[in-house]
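Readers should treat all values here as calculations from the given coordinates under stated rules, not as data from a laboratory. None of the values given here were measured: they were computed from a predicted structure. A quick note on method: Cβ atoms are made from the backbone with ideal geometry, for glycine too, and the neighbour counts reach across all protein chains shown.
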Amino acid sequence: MDKLTLKAMAKINLGLDVVRRRPDGYHEVRMIMQTVGLYDRLTFEKTKDDTLRLESSMKRLPTDGNNLIIRAASLLKEEFGIREGLSIRLDKRIPVAAGMAGGSTDAAAALTAVNRMFDLGLTEEQLKERAVKIGADVPYCLQGGTALSEGIGEILTALPPAPACHVVVAKPPIHVSTKWVYQNLHLEQVTEHPDIDGMTESIRQGDYAGVVRRLSNVLESVTVPRYPVIAQIRDFLRENGADGALMSGSGPTVFALFDDRQRARQALDALQKTGLAAQTFLTALTERTCVEQD
Ligand code: ATP
């Protein structure tokens, strides 16, 4: 195989709790991860010159070893002594630094592509062992679908598909650093934690109303007071027909769930008129990650 194009899907968090801060500074989390149909397109082409070259549609992204795509591809290239190179083209659509695991899903796609194009024969489990060295969310991005993620994000329990629904994604015109969010999370002051076990149970039972009722992200306690636009978008979507709305990951992206596509479309149109969001999308939950482009 000389050429491969993959769609690398984004994720949202239907629930996000932080359990404790470990002595080494990492935070132990309990998150309900969910793939959505919003994706980056990555095209990989073999070259004879033994180098990895990346071209990105978004010019402010790094294209050297600081890009997770190059890190992921080099990791396998070095381990398996691959002598050929790759020319990689990234068409970026997933909002960047937005809590949607854009970089992690690109890295997962790069691991998948190198494994397939160079016939390395690694199983998903073996890819995940390597993925965690790139980032805590990369193993999940290889697996995709609905999952409970624990530890620092690397302990994954697959769940049945969450009840099907439509998703409006809206990113406000601000940047929020994940590091800043975790540094400013004061767990001792958090009195109400998301009901992750209840969310897991609602998903297992296919209970859409239960899922919507339990949407909760402990990191909103840090971001919302500092960036009111997050709550403005979330509350606007709730007041305009969403069944539920929440910030994803460490933000600032907000997503809203709808059981009716037309209602989702109307809420999206209304939100666009407010000018609160810089990027908006209408998508749906999906169980597939890293899909080959036909
Ligand atoms: P998460 O949900 O895992 O916290 P995120 O959405 O907050 O992820 P990303 O979009 O993955 O954040 O990117 C964060 C930073 O990583 C960017 O500022 C960018 O410079 C760097 N980065 C490296 N590789 C990539 C990539 N392929 N796509 C996007 N960002 C990348």
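Per-structure values
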| read-out | value |
| --- | --- |
| Distance between modelled label sites at residue 132 and residue 3, nm, 7 Å Cα→Cβ extension | 3.8 |
| Computed FRET value (nearest 0.05) for residue 66 with residue 190, which takes r as the C-beta separation and R₀ as 25 Å | 0.15 |
| Viscosity 1.306 mPa s, temperature 10 °C, Stokes-Einstein D of the stretch 142-294 from Kirkwood C-alpha radius, µm²/s | 96 |
| Cα centroid separation, the stretch 159-188 to the stretch 9-23 (Å) | 8 |
| Spin-label zone in the stretch 132-167 - amide nitrogen under 13 Å from a point set 7 Å from the Cα of residue 263 along the C-beta vector | 165-167 |
| Calculated FRET efficiency for the pair residue 50/residue 96, C-beta based, R₀ 25 Å, to 0.05 | 0.25 |
| Long-range lysine pairs (8 or more apart or interchain), the chain, Cα under 20 Å | 23 |
| Gyration tensor over alpha-carbon atoms, the stretch 128-186, equivalent ellipsoid semi-axes in Å | 23, 20, 12 |
| Cα-based convex hull, the stretch 80-233, per residue volume (Å³, whole number) | 157 |
| For the chain, the Rg and Dmax computed from alpha carbons only, in angstrom | 18.9, 58 |
| Surface/4 of the Cα convex hull for the stretch 1-130, nm² | 8.9 |
| Least to most buried among 80, 236 (fewest other Cβ within 10 Å first) | 80, 236 |
| Distance-filtered residues of the stretch 181-205 - backbone nitrogen under 18 Å, label point 7 angstrom along residue 226 Cα→Cβ | 181-190 |
| R0 of 30 Å, Cβ-Cβ distance residue 87-residue 28: FRET efficiency to nearest 0.05 | 0.15 |
| Protection-proxy order for peptides 218-231, 163-176, each taking the mean of Cβ atoms within 10 Å per residue, highest first | 163-176, 218-231 |
| Kirkwood Rh (inverse of mean 1/r, distinct Cα pairs), the stretch 62-161, angstrom | 14.0 |
